Each structure stands twice: as structure tokens, then as C-alpha cells.
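S.K.: First the structure, which I've put down as C-alpha cells, then a few questions once you've had a look.
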Amino acid sequence: MQNASFFVIMIAMEKEYYQQVYQHLFKIVRFFDDPKNDQTLLKAAGVDLDSKLFPLFVAIANIAPTQIGSLAKLFNRPVSTISRQVDRLERAGLVNSKLNSEDSRVRRIVLSPLGISVNQALSTARLAIMEAALAKLTDVEKVNFLSGFEKIDSYLTQQQTD
């Protein structure tokens with residue numbers, strides 16, 4: 001009977017562990033999705049960009065070349081909405097799009113030279129903010145921290161493809 005109690009406790013602890021992992025990941029995602037943090041980053045980078053376009057710009061910067069359908073799926077938004085937002089980014093000179101020669105309904109989207117420059121400014125500001133936030137970590141903690149994130153990314157990404 002004592003072994004059964006031990007296993008019940010272990011299962012409960014394991015469930016609590018995964019709940020805590022989820023809660024921490026959720027907080028991290030919330031941090032990066034918070035429009036206030038976007039505004040802080042944009043201000044630090046000296047970039048004037050509509051806050052509604054910022055997440056789309058960041059996504060394009062990180063996954064380009066891409067297309068409207070992929071972005072619509074990523075943001076769970078209608079294709080027409082994403083298309084209009086990409087048009088706004090293009091009018092601002094931040095992205096370039098080109099129709100696919102085989103299927104004119106498909107546009108290939110990449111950062112423009114100005115978009116690359118803006119993304120570099122954002123990256124520089126983001127790194128400064130991250131360095132300040134994580135400054136108290138030791139070198140060993142930094143290595144462990146990064147290793148943990150790499151493993152989580154790998155395991156979760158692998159789950160999606162299995």
C-alpha cells in the first residue's frame with residue numbers, strides 16, 4: 001500500500017511540474033505578446049511602427065521568405081486581413097512582395113532593405129533589454145538557461161511533427 005501512495009504522490013508531483021512549466025511558458029509568451037512591451041522596444045529602437053503591424057513585421061523578419069497564407073495561419077486571421085496589413089507594411093517600405101509566377105494568388109514576402117535596417121535596430125534594442133533583464137545570471141546559468149530553452153523548443157517542435 002505504501003508503494004501505491006508513493007506512485008500517487010509522484011504522479012501528482014509530475015502533473016504539478018508540467019503545470020508549472022506551462023505556466024512559466026505562458027508568462028513568457030504573454031510578455032512577448034504584450035503591446036506595452038512592443039511599444040517599449042519600438043521606442044528603444046527609435047522605430048515608428050503601428051502597434052497592430054508590429055507582430056506581423058517581426059514574424060516576417062523571422063520566417064521570411066513567407067506568404068500571406070502562412071502568415072494568416074500563424075496569426076489565425078483571415079487571409080484578407082493579413083493581406084491588407086502586408087500591403088500597409090509594403091507601402092511603408094518595410095517589406096517587398098512578389099507574385100508567384102506559377103500562381104498569381106500567392107505572394108512571396110521578404111523584408112525590404114529599409115525593413116532589414118529597422119529589424120536590425122529592433123534586434124539591437126531587444127538584445128540590450130534582454131541583457132539588462134538577465135544581467136544577474138552567472139555564465140553557467142546562462143548556458144543552462146539557453147540549453148533548457150533549446151531542449152523545450154526541440155521537444156515541442158518534435159511533438160508537432162510526430
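The values are calculated or read from the model by the stated rules, or taken from the named source; none is laboratory data. Note that the structure is a prediction, hence the values are computed from the model and not measured. Cβ: placed from backbone, ideal geometry, glycine included. Neighbour counts: every protein chain shown.
S.K.: Test of understanding: among THR81, THR40, which residue is in a helix (DSSP H, G or I), farther than 30 Å from LYS151 by Cβ and among the polar types (S, T, N, Q)? Don't jump to the end; show me each part of the working.
M.R.: On the way: THR40 fails: farther than 30 Å from LYS151 by Cβ.
One residue alone meets the criteria, THR81.
S.K.: Just one of (1) within 29 Å of LEU156 (Cβ to Cβ); (2) surrounded by fewer than 10 Cβ atoms within 10 Å (Cβ to Cβ) trips up PHE26, so point out which.
M.R.: Only one criterion is unmet by PHE26, namely (2).
One line per residue, one yes/no per condition, for (1) modelled with pLDDT under 95; (2) in contact with a His (Cβ under 7 Å, 6 or more places away or on another chain); (3) not hydroxyl-bearing (Ser, Thr, Tyr):
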| site | (1), (2), (3) |
| --- | --- |
| PRO78 | no, no, yes |
| ASP87 | no, no, yes |
| ASP103 | yes, no, yes |
| VAL106 | yes, no, yes |
| ILE109 | no, no, yes |
| THR124 | no, no, no |
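S.K.: Right, next: Just one of VAL86, VAL95, VAL110 is in contact (Cβ under 8 Å) with a residue 24 or more places away in the chain and surrounded by fewer than 17 Cβ atoms within 10 Å (Cβ to Cβ); which is it?
M.R.: On the way: VAL86 fails: surrounded by fewer than 17 Cβ atoms within 10 Å (Cβ to Cβ); VAL95 fails: surrounded by fewer than 17 Cβ atoms within 10 Å (Cβ to Cβ).
Within the list VAL86, VAL95, VAL110, the selection yields VAL110.
S.K.: Mind checking which residues of region 9-33 are within 30 Å of SER51 (Cβ to Cβ) and either among the small types (Gly, Ala, Ser) or within 13 Å of the chain's Cα centre (by Cα) (or both)?
M.R.: Within region 9-33, LEU25, PHE26, ILE28, VAL29, ARG30, PHE31, PHE32, ASP33 qualify.
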